[in-house]
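Remarks on the structure that follows.
Quick note: the coordinates plus some simple rules give every number you see, no bench work behind them. Just so it is clear, the structure is predicted and the values come from calculations on it, not from any experiment. Cβ atoms come from the backbone with ideal geometry, glycine included; neighbour counts cover every protein chain shown.
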Amino acid sequence: MKMYNLFLVQTPFQLFNAIEAKNRFHKNEKNILIIIHKGNEKNLNQINTIIDYDKDWMEIIQIDFITTFQRLLYPFYIKTFIDKWNQLDVNTIYVALYRNIAAHIVNSVKHTTTIIYDDGNTMFKTIKFLNEKKKKSFSALRGLKDRILLRNTKIDFLYDSTLFTLFDITSFQNIENSVIKNDFSYFKSKIKNLRKEKNIFFIGSKMIHNGLKKKTFEKVLKTVIEFYAKLNKEVYYVPHRYEDLSYLEKLAKEFNFILMPFSSIIEFEFIMKGIDPSEVATFRSTAVDTLNIIYDADVRIFKMNLESIDKKKWDEFNLVYQNFENKNYKIESIK
């Protein structure tokens, strides 16, 4: 009998990982894709573009999580779905962002295995949480609201979950979860005969007002452009979907680089454009990990001095940089 599997996605990169897992582990099973749409139309458009590439799902369900009613009363709003899924023989639920409605689905649907998969840097927070053996506690008021509204948002299931990740977590001694390495073998099989690009793709991150001031960002970005100019390399700056394009266009003219917005996530866009990147670089985007695995691209990290970053972000940056150092990427320290 064919098993059912539920894949919960909220972002394009989560869908990218869901497709990898589906084709690697559940090729001939009954796979249901559940899109939790929080109102970001650009995000949804990118998800739909990737779905056009891989339409092999038994069912695709979009759950809007936008209005006050949907956000507060989702147990009633999605009860029909929960009841239907509980009539199936669900084997595995895949989830990346596991709060609120996603946690409620995991806790409410009978299934055998929960698998947590990557959503960029957020996996580091999950790993840190698991390593410290933390328990997510809610205020008394939140607990009362959850009971009244029948919301089941506990995340204790994390400790019994399997991690499907591209990151090496062997240095975290207290994690007892099973781990499956995401080597992107499915997508690697799709990149034959791509055109090799000699110039540099610099992968942007949402950094301004997220740990970094504009003045500091401009200084470190200028350093990157000057570094590659000395190597006679042109820089294509691929912005994060939440970066300010008009601001980056101004910097592109001032610092002499090419701004190259992608219509989808970078891991997928290269396949669509027929480009095989030879080198990628970044300040902190873990997308370089994926690109290194799939395209065998060289990776260069421009590591910032923590003193130039908001102290509240130091732990987060340290985890990301430790990951980069563990992988022996080329690292250029910026003073």
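By DSSP, the beta bridges lying fully in the chain are antiparallel in about 0 percent of cases.
Note on Asp298/Lys250: beta-carbon distance plugged into 1/(1 + (r/R0)^6) with R0 of 35 Å gives a FRET efficiency of 0.75. Which of the residue pairs Lys222/Lys313; Lys196/Lys253; Lys250/Lys327; Lys181/Lys250 have a Cα-Cα distance greater than 32 Å in the structure shown? Where the Cα-Cα span goes over 32 Å, the pairs concerned are Lys250/Lys327; Lys181/Lys250. If the segment from Arg99 to Glu332 were pulled out straight at 0.36 nm per residue, it would be longer than the present Cα-Cα gap by 80.2 nm. Helix content alone sets the calculated 222 nm mean residue ellipticity of the chain: runs of n ≥ 4 DSSP H residues at -39500 (n - 2.57) each, divided across all residues, give -11500 deg cm²/dmol. Using only side-chain charges placed at the Cβ, +1 for Lys and Arg and -1 for Asp and Glu, the dipole size of segment 191-334 relative to its Cα centre rounds to 260 debye. Highest mobility in the GNM of the chain, judged by mean-square fluctuation with C-alpha springs under 10 Å and restricted to Ser263, Ser205, Ser171, is found for Ser171. Straight Cα distances below 17 angstrom link Lys192 to the lysines Lys273, with same-chain residues fewer than 8 positions distant left out. Taking amide H positions as modeled 1.01 Å from N, with prolines and chain starts lacking one, the residues under 5 Å from Asp64 and 5 or more places away or on another chain are His37. In plain terms, the chain from Phe172 to Lys27 could stretch by 49.0 nm, reckoned as 0.36 nm per residue minus the Cα-Cα distance. Extending 7 Å from Cα along the Cβ direction at Asn152 and again at Lys192 yields two label points whose distance is 4.6 nm.
When +1 charges are put on Lys and Arg Cβ atoms and -1 charges on Asp and Glu Cβ atoms, the dipole computed for the chain relative to its Cα centre reaches about 760 debye.
The GNM of the chain, with springs linking C-alpha atoms under 10 angstrom apart, assigns the highest mean-square fluctuation among Ser178, Ser278, Ser161 to Ser178.
Filter Lys128/Lys335; Lys30/Lys84; Lys42/Lys214 down to the pairs with a C-alpha to C-alpha distance above 18 Å, please. In this structure, Lys128/Lys335; Lys42/Lys214 lie more than 18 Å apart at Cα. Between Thr113, Thr170, Thr216, the Gaussian network model of the chain with springs among Cα atoms under 10 angstrom shows the greatest mean-square fluctuation at Thr170.
Across segment 175-192, the residues whose backbone nitrogen lies under 15 Å from the label position 7 Å along the beta-carbon direction of Asp56 are 185-191. Comparing Ile127, Ile208, Thr223 along the charge dipole axis of the chain, the residue lying farthest to the positive side is Ile208, per the Cβ-charge model. At an R0 of 45 angstrom, the distance between the Cβ atoms of Ser185 and Lys145 translates into a FRET efficiency of 0.55.
Available extension along the chain between Trp314 and Lys206 is 37.4 nm, counting 0.36 nm per residue and deducting the alpha carbon span. The relative contact order of the chain, computed from alpha carbon pairs under 8 Å that lie at least 6 residues apart in sequence, is 15 percent. What dipole magnitude, in Debye to the nearest 20, does segment 4-187 give about its Cα centre under +1 on Lys/Arg Cβ and -1 on Asp/Glu Cβ? Dipole of segment 4-187, to the nearest 20 debye: 820 debye. When you filter the trypsin sites (Lys or Arg not before Pro) in segment 45-128 for DSSP loop state and at most 13 other Cβ atoms inside 10 Å of their Cβ, you are left with Lys55, Arg99, Lys110. Exposure proxy shown here: for Thr223, Thr68, Thr11, the number of other Cβ atoms within 10 Å sets the order, fewest to most, as Thr68, Thr223, Thr11. Going from the residue with the fewest nearby Cβ atoms within 10 Å to the one with the most, His209, His111, His240 rank His209, His240, His111.
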